[in-house]
1. Averaged across the residues of B:50-57, what count of C-beta atoms belonging to other chains lies within 10 Å of each residue's C-beta?
2. Working only with C-alpha atoms, what are the Rg and Dmax values of segment B:351-495, expressed in angstrom?
3. Provide Rg and Dmax in Å for chain B, with only Cα atoms included in the calculation.
4. Once you wrap a convex hull around the alpha carbon atoms of the protein assembly as shown, what is its projected area averaged over all directions, in nm²?
5. Arranged by the count of other C-beta atoms within 10 angstrom, fewest first, what order do A:PHE39, B:PHE345 take?
6. Please give the length that would be gained between B:ILE102 and B:VAL29 if that part of the chain were fully extended, namely 0.36 nm times their separation in residues minus their C-alpha to C-alpha distance (nm, one decimal).
7. What is the distance in Å between the Cα centroid of segment B:13-75 and that of segment A:20-82?
8. If you count, for every residue in B:493-500, the Cβ atoms of partner chains within 10 Å of its Cβ, what is the mean?
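Each value in this text was obtained by applying a stated rule to the coordinates, not by laboratory testing. Keep in mind it's a predicted model, so treat the numbers as computed, not measured. Cβ atoms come from the backbone with ideal geometry, glycine included; neighbour counts cover every protein chain shown.
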Amino acid sequence: MPRVLITGTAARRFTGGQTEVAVEADTVRRMIAELERRFPGLGHQIDEGMAVAIDGEIFQDAYQTPLSPDSEVVLIPKIGGG
Amino acid sequence: MTGTRSPRSRRSRRRSPKAADLIEVEYEVLPHVIDVEEAMKPNAPILHDDLFTQGVDPKPTAPSNVAKRVTFTKGDFAAGWKEAEVTIERRYTSKAVHQGYIEPHACVVAVGNDGQCTIWSSSQGQFMVRAYCAKLLNIDLANIRAMPAEIGGGFGGKTLVYLEPVALALSKKSGRPVKIVMNREEVFRGTGPAAGGVYEVKLGAKKNGRIVAAELVVKLQAGAFPGSPVGPACMCGLAMYDIPHVNIVGYDVVSNRPKVAAYRAPGAPNSTFGTESCMDELARKLNIDPVRLREMNAAKDGTKAAHGPTWTNIGYLQTVETAKNHPHLKVKLGKNQGRGIASGFWFNIGGESSAACHVNEDGSVTIVEGNPDIGGSRASMAMMAAEALGIPYDKVRPVVADTSSVGFSFLTGGSRVTFATGMAVTQAAEKVVVELKKRAAAIWDISPEAVEWKDGKAYPAGPNAGSFEPLSLQEIALKAGRTGGPISAEVSINAQGAGAGWATHICDVEVDRETGYVKILRYTAVQDVGRAIHPSYVEGQIQGGVTQGIGWALNEEYIYDKDGRLENPGYLDYRMPVASDLPMIEAVMVEVPNPRHPFGAKGVGEVPIVPPMAAVANAIADATGIRMRNLPMSPPHLRAALDEQEPPRQAAE
């Protein structure tokens with residue numbers, strides 16, 4: 001199962017301090033839905049203000065991005081720019 | 001708050017001074033706080049009664065000027081700190097600075113009797129202008145047409161609106177077109193700036209130079225409302241290094257200043273001034289060459305960043321190694337001269353982009369895109385389309401279209417356009433190639449699969465396809481009406497996997513000990529650019545970013561009087577570097593192609609502003625032995641530091 005790592009406080013407050021979660025999901029959309037089911041509010045938090053780094057590559061607002069069983073997913077704040 | 005606009009309308013410039021004289025405004029001076037750390041104190045005047053610090057547990061019950069606290073951790077900092085044989089703890093600060101675009105904010109808005117609104121303004125995103133106006137004034141997006149004017153500089157400061165919604169409301173009310181133009185003083189008082197802040201850095205290393213623990217605390221000014229780039233500041237400051245134990249804490253702090261706006265790699269230059277200055281101080285303490293210290297601690301593919309991701313396809317170490325072997329480092333320095341090294345990181349982003357590729361009747365090609373060109377991106381679009389089509393670059397004309405003429409495109413920012421919009425343009429051109437092959441097949445009356453496209457011409461794919469003279473794009477375009485109609489394609493995408501930007505800079509300075517003036521003698525900026533689509537424009541981006549960073553380092557700051565009033569709202573008193581201040585900045589491009597992009601492009605516009613502040617500070621320390629930990633390192637500040645170093649001269653001397 002993909003591993004979701006939560007390094008920052010923005011997401012960790014929903015998981016009760018848990019920093020790593022295994023999630024049964026094969027797309028980012030399904031991962032977000034599963035995280036929302038297990039940690040109410042976290043899915044919404046990801047939708048509104050977070051990006052995901054999948055195996056080191058950053059994706060923003062990308063529901064259909066596939067996850068492999070050994071994917072490492074890191075939740076980070078959404079990135080803007082100047 | 002100072003800088004907040006009080007709108008008033010006027011029918012003509014001639015009548016306006018008289019009208020303005022008739023308006024009386026009374027201001028009550030309330031308790032206020034300007035400094036970021038003063039604003040964090042428990043007894044500070046509270047700006048918002050309903051602002052409670054996010055990110056702390058338990059949830060606070062009293063309001064605070066600290067809008068948000070963010071943390072990132074890796075390993076066990078306390079354990080790592082104990083392992084360290086050499087430690088260093090330093091505090092650095094920087095002031096608010098303006099993005100410094102030459103063109104002030106301006107717009108014209110006309111609302112017709114039918115309720116259709118047209119906005120002419122220059123910004124970093126016409127779709128952004130449309131969205132803000134629609135949201136603020138409750139108008140359907142389809143009833144607003146935002147026209148992108150040429151932009152005279154943005155650098156992040158034009159990623160939001162100031163004038164357009166006001167002009168739109170006034171036009172709606174008056175039934176006449178409305179023009180609003182800011183003067184320079186209004187630009188300084190009412191727009192931008194970039195955040196200033198405080199950066200506390202701890203580095204712990206083994207005697208051999210291997211860094212085992214790092215801590216970074218970032219306190220950023222948000223202005224009057226929350227929203228400083230504290231997250232990126234925290235994530236970028238130490239991203240260049242492979243450090244096992246890291247603790248990062250950031251605070252987003254409101255104070256009685258204008259609300260901050262984005263500025264080139266928002267937040268990264270701030271924290272990196274602290275971390276890269278501290279790296280230099282550590283190198284000196286360890287007596288290790290600063291390039292070598294960076295090389296031995298460099299993040300590589302497979303390194304886990306403190307904010308979580310495991311790096312892949314990164315070119316940081318290549319920038320360090322290229323700097324290490326650059327002839328610049330072999331040049332001998334003279335009296336009062338010094339050399340500084342600093343590195344930097346910026347994420348770069350992708351996002352939503354649309355593009356269209358139209359083949360015109362004469363075989364020329366129009367590329368339509370939705371991103372204002374702030375750094376030469378149109379040229380890159382034309383080059384990528386020409387490459388995909390196999391035709392000369394000068395046969396392609398790129399156009400930045402209004403919001404009714406091209407699909408949605410996220411604004412121009414985050415160094416995203418050549419990457420993301422370039423991807424959309426390339427895909428649109430590739431779709432056109434598929435169509436061109438179909439049209440050639442129709443002319444030859446063979447199957448489209450039997451046609452191949454090469455160097456801008458259709459060829460039969462092999463002897464079995466038949467014997468035909470090649471058909472050029474121009475010949476196919478001429479017969480488009482007979483083979484199915486106009487040839488064009490549109491593509492809308494959400495581009496992902498932008499690929500990060502990495503840089504290592506070398507700066508030589510000479511310090512005038514009499515005046516505190518710092519002259520930049522030589523500057524070399526090495527950067528991982530992915531694949532440079534238009535090398536001289538990439539070079540221009542690097543030189544521009546470095547120049548702004550040098551200004552931030554040496555002179556730029558918002559200066560307030562004791563009552564909280566801005567004292568230098570103009571270019572005479574807000575000193576930005578000009579061409580005569582600087583040597584030719586040498587840009588060295590390291591190409592680690594981005595596999596996500598058809599031509600390997602990565603964003604290039606932001607990371608060059610990240611290292612210069614520390615590079616200059618490190619060079620000044622090398623030249624004088626004085627460590628400047630507070631920006632700007634302007635002549636009065638450096639002169640004061642020199643005075644402390646050496647006793648003031650006697651009047652008789």
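1. 2
2. For segment B:351-495, the Cα-based Rg and Dmax read 15.7, 50 Å.
3. When restricted to the Cα atoms of chain B, Rg and Dmax are 27.4, 99 Å.
4. 38.6
5. Result, fewest neighbours first: A:PHE39, B:PHE345.
6. 23.0 nm
7. 33
8. Average neighbour count from other chains, rounded to a whole number: 5.
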